[in-house]
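What follows is a short report on a single structure.
Read-outs throughout are calculated quantities, based only on the coordinates presented, and are distinct from any laboratory measurement. Since this is a predicted model, take the numbers as computed values, not measurements. So basically every Cβ, Gly included, is an ideal-geometry build from the backbone, and we count neighbours across all protein chains shown.
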Amino acid sequence: MPIITLLTDFGLDDEYVGVMKGVILSVNPSVGIVDITHRINPQDLISTAYLIKSYFKFFPEGTIHIIVVDPGVGSDREIIAAKMCGHIFIAPDNGVLTLLCNECSVLSAVRVENKKYFLRSISRTFHGRDIFAPVGAHLSNGVALTDLGTPVDGHRMTLLNIHKPYISEKGELEGSIISIDRFGNLITDIDSMILEKFCNSDPGKNPGFIIGKHKIKRLVESYASVKPHESLGIIGSRGLLEIAINHGSAAHLFSVVRGDAVQVTLLDNHL
Amino acid sequence: MPIITLLTDFGLDDEYVGVMKGVILSVNPSVGIVDITHRINPQDLISTAYLIKSYFKFFPEGTIHIIVVDPGVGSDREIIAAKMCGHIFIAPDNGVLTLLCNECSVLSAVRVENKKYFLRSISRTFHGRDIFAPVGAHLSNGVALTDLGTPVDGHRMTLLNIHKPYISEKGELEGSIISIDRFGNLITDIDSMILEKFCNSDPGKNPGFIIGKHKIKRLVESYASVKPHESLGIIGSRGLLEIAINHGSAAHLFSVVRGDAVQVTLLDNHL
Amino acid sequence: MPIITLLTDFGLDDEYVGVMKGVILSVNPSVGIVDITHRINPQDLISTAYLIKSYFKFFPEGTIHIIVVDPGVGSDREIIAAKMCGHIFIAPDNGVLTLLCNECSVLSAVRVENKKYFLRSISRTFHGRDIFAPVGAHLSNGVALTDLGTPVDGHRMTLLNIHKPYISEKGELEGSIISIDRFGNLITDIDSMILEKFCNSDPGKNPGFIIGKHKIKRLVESYASVKPHESLGIIGSRGLLEIAINHGSAAHLFSVVRGDAVQVTLLDNHL
């Protein structure tokens, strides 16, 4: 059974997501549909870019990932369908695939423009329903990517300028909080490789973390490595540094919001 | 694969929706189940009536739509199953099908009363689980509508008295806001045909929109037709007039709530 | 088609639930997946224990129920897979199966430890993805429970000390509010059998209910048995006493929170 995943900022209060599923099932009644989340902050392209990188690889090869975070709907922004890392992505050409492009080369990509695969009547406010859903469903039925429109050079796709961690003048590794999950865990943009490299720059020391006035002294391997209500740093399920409180909410305790800075510093072992 | 859709006011915090799916799959393990939304305001019949009209037609013919917004559960209100516009609707006879009835004639309808298709033990608080779910599943298995109970005259179904747009004494088209979506777009009860007819009454002029003290001067074809943070009127994905802010929230900027009035007025072109 | 249900405290804002589904479908593309809820209060084991008892029996025999409310993830807590009442449950050994164990005997149970059925790389923060999901999917493919690990004596599973209703010195039946649903209905831990037994202790009287300073005088069979905005007691869809307001919210009117006490007292018939 082919699978289509849906990632949108439509929320769950309205009929929008259900309608997209109706359109998909009208074209391919036997496709499996999986919701990633529909609660992306409205029009938040950067969070979307991070999320895509986090979930796609846990689906079978050939899965079709539909992404509708689309502030430019109805403008002349294009819609891209691209084969990358063995999966197919359908998304507005607004940069949401930026971080994926760092990881996977674009095997082939097209501008989605063949109206044969759209709904007959196309609104200028809801392309999720009128274009993304039926196009994804037709792909799941075996329509070839190249049938959807003219090829696009992967290098010409729109990229977001996403801030990356860097070494500050004080010699600290500076990153930021890109997401706060339901448990209040603070997910940073510092991945395990960057952190390891930074730590290896002075092997006699251990990393500590600074968020505003708060210092977190331990990088551990599980939440349970510290006592309840103690803070910790950990490489989380996305492969990114997270700041957390065992059995508590770091977001609440540290009063931080998404976008706030995190510093990694190296501390003497005996501290 | 037959499809059952679910529209309820049960929310997503409790087990209620999951339990309905368990009952459905116990009767027909191979049916596809699609959530429309479960976050209808508790017992809000009018929103439900508008929603039903908006989503059903995007599903394949023959889809079974279960609607459980049911403040009268356990009373002597009846449950109706009706064939309309090629789809099947199972709903309490409390008026939620009112707007659908304006659009589709009732091909056949029955009072749902054949206990053979209910759960064995029937509570008086959760007919979604005990009646709607198994009945919908049996229909998806091929049980005939007429097996469910005695025929009902479509004209005897309960109708809600839903306020419609009208021309005021000042000559303005008066409507109201029936829904506010996650983006803060204000969805009105003024459909494209009513608006067009009103505009055609003085072809030399253009429509403007009034919400409280706020005036919106442009009817456009896409959000991107105005600059970011400018207001606009647009025929949205439901075919209804929406008031929106490009890259912003009209609900927030105009401080409106559902039920507030909207006036359409005709403005000189050169204004 | 085999069915897997998911009950977690992961919420719906992040990719966590979608990722679990990707892992499951990678192992068994034809399994049906049903969400119970993902909005359990973070790490709330007692609510989870009550919920499991409420939904499982509405699914077909053989359904695989995955429960990931797991504050001890990454510690040495164990993961249990158990056959109970014809269903299979996969859960952390942290007591979430306590109330189920009161109802169903453990037919067979194992410690989940055979890495052959895990993801290749196992994090210490997201066993839902790395262990629970693939193990559940392999079971749905026909892998035997006994292949997952060493047998566990059902009587050695961790049990929570869950407060039960009791008769107070004043002769009242004392229970507490275990859940408040979206309608503001107060779900108590007093089940229909306990209530009936208590009422039968003085057949000439009728039960009344006390919550803080509020007295509810009627036990009825449906919400509609009282006038709109009147309070009532009722045996709800879980088989538990609920305190509700017809067409209103008891939680709001009585300003109660989960955990608050409820007393049942016997009143003279003529009052």
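Quick notes on this one:
- Inter-copy label distances at B:SER192 (7 Å, Cα→Cβ; nm, one decimal): 5.2, 5.2
- Dividing the Cα radius of gyration of the range C:153-205 by 2.2 N^0.38 Å, with N the residue count, gives 1.49.
- Counting Cβ atoms of other protein chains within 10 Å of each Cβ in B:6-15 and taking the mean gives 6.
- Ascending distances from the C:HIS214 label point to its copies in the other chains, with the point 7 Å along the Cα-to-beta-carbon line: 3.6, 3.6 nm.
- Check: the protein assembly as shown dipole with +1 on Lys, Arg Cβ and -1 on Asp, Glu Cβ, in debye: 280 debye
- For the range C:35-142, alpha-carbon Rg over 2.2 N^0.38 Å: 1.00
- Temperature 37 °C, viscosity 0.692 mPa s: under these conditions the Stokes-Einstein estimate for the range B:121-230, based on its Kirkwood radius over C-alpha pairs, is 172 µm² per second.
- Each of B:THR158 and A:CYS85 was given a label point 7 Å from its Cα along the Cα-to-Cβ line. The distance between the two points is 5.2 nm.
- Antiparallel DSSP beta bridges within the protein assembly as shown, as percent of all bridges there, nearest 5: 70 percent
- Rounded to the nearest 500, the helix-only mean residue ellipticity at 222 nm of chain C stands at -5000 deg cm²/dmol, with each DSSP H run of n ≥ 4 adding -39,500 (n - 2.57).
- Shown in residue order for the range A:3-20 are the 3J(HN,Hα) couplings computed by the Karplus curve 6.51 cos²θ - 1.76 cosθ + 1.60 at θ = phi - 60°: 10, 10, 9, 10, 10, 9, 10, 7, x, 10, 7, 9, 8, 4, 5, x, 5, 4 Hz (x for Gly and Pro).
- Residue among C:VAL112, B:ASN161, C:VAL257 farthest towards the positive dipole end of the protein assembly as shown, charges placed on Cβ: C:VAL112
- Reducing the range C:188-202 and the range B:160-238 to their Cα centroids gives an inter-centroid distance of 57 Å.
- Taking a straight line from the alpha carbon of B:LYS83, these lysines sit under 24 Å away, with near neighbours fewer than eight places off in the same chain left out: A:LYS21, B:LYS21, B:LYS53, B:LYS57, B:LYS115, B:LYS116.
- Axis-proximal residue of chain C for the rotation onto chain A, reported as residue and distance in whole Å: C:LEU12, 4, based on Cβ position.
- Anchor C:LYS170: lysines whose Cα lies under 19 Å away (excluding residues fewer than 8 positions away in-chain): C:LYS197, C:LYS205, C:LYS213, C:LYS215, C:LYS217
- Shielding by other protein chains, B:26-37, mean Cβ within 10 Å: 5
- Counting only Cα atoms, the protein assembly as shown measures 83, 80, 49 Å along its principal axes, largest extent leading.
- Estimated FRET transfer efficiency (B:ILE167, C:ASN114; beta-carbon r; R0 51 Å; 0.05): 0.10
- Database note for chain B: Cys without another Cys beta carbon under 4.7 angstrom, B:CYS101, B:CYS199.
- Exposure proxy shown here: for C:HIS252, B:HIS87, B:HIS247, the number of other Cβ atoms within 10 Å sets the order, fewest to most, as C:HIS252, B:HIS247, B:HIS87.
- Copies compared at C:LEU159 - label distances in nm, ascending, label defined 7 Å from Cα in the Cβ direction: 6.1, 6.1
- Projected onto its three principal axes, the C-alpha set of chain A covers 68, 37, 34 Å, listed from the longest axis down.
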